[in-house]
Each structure stands twice: as C-alpha cells, then as structure tokens.
C-alpha cells in the first residue's frame, strides 16, 4: 500500500510540476571548448569540453574473476576488548561514547555548480553517498554519527533516494529544498526526521535567506542539541551490521585508481595513496587551459578528502523527469552487484537491503559478510547500465548510465 501511494503521489505531482516553474539549485555551467589532449573520455554527445586524464591509460573491457578468500564474519561491537567504544559505521574509537546515543545527522551537499566547491565538512563524515541527479551531475549525502562538524555545506536539495537512505541509517535529513514530488515523499517517509531550510533556527542551520544562495551551513553538534531540547531525539538506533577487518583482503584485482565519469566535464576520480592507506578524491577543475583534474579538499580545514573504503553499488535508477530520479534500493533481498576498493585492491561482492531500518548489507558472492577497512566510506550508486572498464596497473573506469 505504501509503494502504491508513493507512485500515485509521484504521478500526480509530476503532472502538476509540468505546469509550473521550479528553481533548480544544481546547474551545469557553460564550458569553453578545449584543444585536443592525449587521453579523453566522452560520454555525452552534447558535452563540449575535453578533459585531460593524466593517469588513465586506454581502457579495455574485462570480465571480473571472483577469488575465494577467508572472510571475517564477526559483526562490529560497540565496546572492544580494550574497553574502547567504537562507531559501528567506521569501527573507529569515539572520544565521547555518549555521541553514539543519538541518531545520525545526514546532510545534502551540492557538487554543482563548481563554484560551490570545495564543500565544508566532508572530511569528518562517517559515510558519504554519491548519487546521480540528472543533467550529467551528481550530489552528496553526508552522514555524521561518531564525529561532528561545525559547518557542513553548502546545504542543497533533497532527492527521492534520500528518504530511503534516511530510513536505512535512521538519520535526521537536513536539506535546503526539494522538487514538490520529492518533498512529499521525504516528508511522508521520514516525518519529523525531515529537516528543511527555513524550518530550523540559526543555529544550527545558518545562511542566506534563499535556498539557492549556496551559503547555508549546518552545525551537526548544535543540531543534535536542538533535537534533544525539542524532544525529537528518541531511543538510539541499531546501526550494527557492517563487518570490519584491519588486515587487507586478498582482493580480486588491483584497485589503485577508480574513475566515475558522468560526462567529459563531470568526473570523480579516486587515487590510492599507500603512504596514508586510503583513497584521495580528485575531480575536474577549470583552468586557463581548459579542464583538468585536481585534488578535492575540505573547505573547513583544507584537508585532502580521503576515505579508507570506496564502494560502488550497481542499482536501478527510475527517471520521472530529467531532474527527478529515484533509486530502487528498498526491498532488495536478491543479490545486487557491488565493488569494494580498499588497501589498493578491489573485491567483488553483493549488496542487499533486507531491513528497512538497518544499514545496507555488503556481502561476498558466497553470502558472507564483506569486511570493510576500519575508517570512513564513500558509496557511489551507479546505474545498472553503467559500463565498467578495467585497464592495466589497477586502473578502473565506470561510465555512468542509468
């Protein structure tokens, strides 16, 4: 019944929205034509810019071979043998055990237009979800549970998939605005846990008067205090379910570089740095000579964005309009393909969502828990029609397709 109601709401609101104007908060900036460079990737026939890919060689299709390996099936515990309280989403120790008694704070952040980069607060997120939002653009949903950030943003628009992720991780969703259809679903699914710009005081959410101004930022600790003072916090959520293992996995193949290409002007690239045992994020930037790739940093502290785990989930995207998309995550009890990049290796696995109110499950092809590296995780949700290419020297590229 809930699914049917969701479909009816979407159909009705899409028809309504066709007759009205909506302000889009994520735009593609016009680009100047670039000259020919040695290595290019073109996804969209309408893209006009050429991107230099300094570390990507010619890509060839490859069929993954699954290697068997011993799996640590132990589920994460809140308190380890040394008496340290650990975050179930990262397996990292927390300085204040009481912080895990709250619900996570989940914040929508823009990645377009480019002048909103670098974002603030991403280096302190436990999890970041990256999804496609149309027009060859992406957007982020950052989760804060074991650590806080004084400024996260720019806070941007909510999307249909955020309602599902908000339920899986039992979080409070902070977003600037949303298309009418998406807003209805978010409010119906999350209720009081849907927190929109204009409905929160400053602090915790401060910024310009317009949701499209790009200067709205949330203080996650201040938000938790606000929620507690207003009786919105309830019993702490059960966020166990992820498995962790400090020792590297044998892996199925080298995974030194991972690039997700939405278009030749919209690129996310992860490079493994053995010295810090994590993946650093690079993305396209405009220069006088055209577009090139440069490292992403956190606006708050200029720290390089690096994550111990980068996860690719292959999922079905449902497109209602060019800018209104959903991802079919709920009720996925059959095995869906995924890749885990950690310690410079890639391991193939599956993901499932057997429980509406528990984190997404990551498993090996044999159905055992797939252990993450203790640390932070960046999850990219790509469409089932995405093309995955493997090159030599541990280089991978995914050409996004929904």
Those residues of segment 330-343 which are crowded, with 18+ Cβ neighbours inside 10 Å and either closer than 30 Å to residue 276 by Cβ or in contact with a helix residue (DSSP H, G or I) (Cβ under 9 Å, 6 or more places away or on another chain) (or both) amount to 338, 339, 340, 341, 342, 343
Taking into account only those residues within segment 156-194 that are touching a strand residue (DSSP E or B) at 6+ places or on another chain (Cβ under 9 Å) and free of Cβ contacts under 8 Å to residues at least 24 places away in the same chain, which is surrounded by the most Cβ atoms within 10 Å (Cβ to Cβ)?
178
With the structure loaded, tell me whether residue 314 is touching a residue at least 40 places away in the same chain (Cβ under 8 Å), under 30 Å from residue 100 (Cβ atoms) and either assigned to a strand (DSSP E or B) or touching a helix residue (DSSP H, G or I) at 6+ places or on another chain (Cβ under 9 Å) (or both) or whether it fails that test.
no
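For (1) closer than 22 Å to residue 246 by Cα; (2) buried (at least 22 other Cβ atoms within 10 Å of the Cβ); (3) within 15 Å of the chain's Cα centre (by Cα), each residue gets a yes or a no:
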residue: 265; (1), (2), (3): no, yes, no
residue: 286; (1), (2), (3): no, no, no
residue: 293; (1), (2), (3): no, no, no
residue: 350; (1), (2), (3): yes, no, no
residue: 365; (1), (2), (3): yes, no, no
residue: 371; (1), (2), (3): yes, yes, no
Based on this model, can you work out whether residue 162 counts as over 23 Å from residue 310 (Cα atoms), assigned to a helix (DSSP H, G or I) and modelled with pLDDT of 95 or more?
no
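Has segment 214-237 got any residue that is assigned to a strand (DSSP E or B) and under 30 Å from residue 387 (Cβ atoms)?
Here is the first cut: in segment 214-237, the residues assigned to a strand (DSSP E or B) are 217-218.
From what's left, under 30 Å from residue 387 (Cβ atoms): none.
There is no residue in segment 214-237 that is assigned to a strand (DSSP E or B) and under 30 Å from residue 387 (Cβ atoms).
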Tell me the residue from 273, 238 that is surrounded by fewer than 19 Cβ atoms within 10 Å (Cβ to Cβ), under 23 Å from the mean Cα position of the chain (by Cα) and at pLDDT 95 or above, please.
273
Considering each residue of segment 131-155, count those that are touching a helix residue (DSSP H, G or I) at 6+ places or on another chain (Cβ under 9 Å) and on the phi > 0 side of the Ramachandran plot, and give that number.
1
Boolean, residue 141 is part of a strand (DSSP E or B), at pLDDT 95 or above and farther than 21 Å from residue 316 by Cα
no
Name every residue in segment 317-329 that is surrounded by 15 or more Cβ atoms within 10 Å (Cβ to Cβ), in a loop (DSSP other than H, G, I, E, B) and touching a residue at least 60 places away in the same chain (Cβ under 8 Å), in order of residue number.
323, 329
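Report whether or not residue 123 is touching a helix residue (DSSP H, G or I) at 6+ places or on another chain (Cβ under 6 Å), under 14 Å from residue 301 (Cα atoms) and modelled with pLDDT of 95 or more. Full working, then the answer.
On the way: touching a helix residue (DSSP H, G or I) at 6+ places or on another chain (Cβ under 6 Å): no; under 14 Å from residue 301 (Cα atoms): yes; modelled with pLDDT of 95 or more: yes.
Spelling it out, it is not the case that residue 123 is touching a helix residue (DSSP H, G or I) at 6+ places or on another chain (Cβ under 6 Å), under 14 Å from residue 301 (Cα atoms) and modelled with pLDDT of 95 or more.
Checking the condition surrounded by fewer than 19 Cβ atoms within 10 Å (Cβ to Cβ) and free of Cβ contacts under 8 Å to residues at least 12 places away in the same chain, which residue from 357, 302 passes? Write out each step before concluding.
Working: 357 fails: free of Cβ contacts under 8 Å to residues at least 12 places away in the same chain.
Exactly one residue qualifies, and that residue is 302.
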Consider segment 225-247. How many of its residues are touching a strand residue (DSSP E or B) at 6+ places or on another chain (Cβ under 7 Å) and closer than 27 Å to residue 278 by Cβ?
4
Could you tell me whether segment 246-258 includes any residue that is surrounded by 20 or more Cβ atoms within 10 Å (Cβ to Cβ), under 16 Å from the mean Cα position of the chain (by Cα) and free of Cβ contacts under 8 Å to residues at least 24 places away in the same chain?
no
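The values are calculated or read from the model by the stated rules, or taken from the named source; none is laboratory data. Here the structure is a predicted model, which is why all the values come from computation and not from measurement. We place every Cβ from the backbone using ideal geometry, glycine too, and count neighbours over all the protein chains shown.
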